[in-house]
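The values are calculated or read from the model by the stated rules, or taken from the named source; none is laboratory data. Note that the structure is predicted; figures quoted are calculated from it, not measured. Glycine gets a Cβ as well: all are built from the backbone with ideal geometry, and neighbour counts include every protein chain shown.
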Amino acid sequence: MKQNYSRKAKALVLFTAFTFLFAQGVPANAANKTITCYKGTTVKKVTAANPKCPTGYTTTKPKATTKPAATTKPVAGATVAFSGTYKGKLSIVWGDTYLQVTGVNGTGSGNVLGLTDMSGTASAAPAGLCDTFDAKGSIAGGGSSLNVNFDSSAKGCAEDESAPTTIKITGTATITGGTGKYAGATGVLKVTGTFSVKGGSKEDAAFTMDVSGNIKTK
């Protein structure tokens with residue numbers, strides 16, 4: 001009887017040892033992992049030993065899209081302050097009794113409301129150091145523009161009686177309408193600036209022009 005009990009005890013110990021060894025030899029379930037899955041703006045988290053995203057989902061997070069800043073349209077009837085400095089080139093043709101600016105090409109900086117491009121034409125009949133001139137042009141940018149005409153107060157004054165010399169311009173430009181956001185705009189702009197001439201029959205002269213005033217939108 002004792003021998004039979006001893007065999008049973010040994011068998012139980014052997015079985016227990018075998019079970020322990022088997023448990024050690026076969027790893028337990030791996031620790032669960034959690035992944036994040038994306039589909040457009042939908043986000044799902046999947047937790048499993050070997051997690052996978054559902055069909056149509058991906059673990060790659062979509063890039064955030066930035067909406068372009070909306071262009072602010074001036075309020076109808078509002079008065080908007082304008083102030084900037086334009087620099088660029090004047091294309092000049094000289095005659096015996098006249099001066100013509102056949103082209104203006106300038107770029108503005110400051111509070112120019114997106115109107116960074118200046119263009120225009122001008123003419124004068126120099127008779128002294130200070131003479132009046134006629135000029136018109138536009139300042140544009142971003143799909144909008146302002147049209148301006150210089151009034152009779154506009155003058156160009158040379159530092160010397162003959163070229164080469166520096167000419168200072170002053171005057172008032174009246175806004176005569178525009179396009180885009182400034183269609184039908186009115187207002188008055190004060191203009192001061194300088195450019196230097198060499199006196200050739202044709203030449204390109206660098207200029208700097210400060211423009212400031214108020215724009216009244218329609």
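One table, with the values for the structure above:
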quantity	calculated
In segment 207-218, the residues that are among the hydrophobic types (A, V, I, L, M, F, W, C) and either exposed (fewer than 15 other Cβ atoms within 10 Å of the Cβ) or within 19 Å of Gly114 (Cα to Cα) (or both)	Met209, Val211, Ile215
Qualifying residues in segment 153-195 (those that are small (Gly, Ala, Ser) and outside any strand (DSSP E or B)) - the one farthest from Ile139 (Cα to Cα)	Ser162
Tally, over segment 93-109, of residues that are aromatic (Phe, Trp, Tyr) and either in contact with a helix residue (DSSP H, G or I) (Cβ under 6 Å, 6 or more places away or on another chain) or surrounded by 12 or more Cβ atoms within 10 Å (Cβ to Cβ) (or both)	1
Residues of segment 105-152 that turn out to be assigned to a strand (DSSP E or B), without any contact (Cβ under 8 Å) to a residue 40 or more places away in the chain and hydrophobic (A, V, I, L, M, F, W, C), as a count	6
Any chance Ala81 is surrounded by 14 or more Cβ atoms within 10 Å (Cβ to Cβ), aliphatic (A, V, I, L, M) and part of a strand (DSSP E or B)	no
Criterion: hydrophobic (A, V, I, L, M, F, W, C), assigned by TED's automatic domain parsing to the domain that holds Ala163 and modelled with pLDDT of 95 or more - qualifying residue of Leu115, Leu99, Leu129	Leu115
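Yes/no per residue for (1) closer than 21 Å to Gly84 by Cα; (2) under 29 Å from the mean Cα position of the chain (by Cα); (3) buried (at least 19 other Cβ atoms within 10 Å of the Cβ):
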| site | (1), (2), (3) |
| --- | --- |
| Asn147 | yes, yes, yes |
| Asp151 | yes, no, no |
| Ala158 | no, no, no |
| Gly171 | yes, no, yes |
| Ala183 | yes, yes, no |
| Thr186 | yes, yes, no |
| Gly199 | no, no, no |
| Ala205 | yes, no, no |
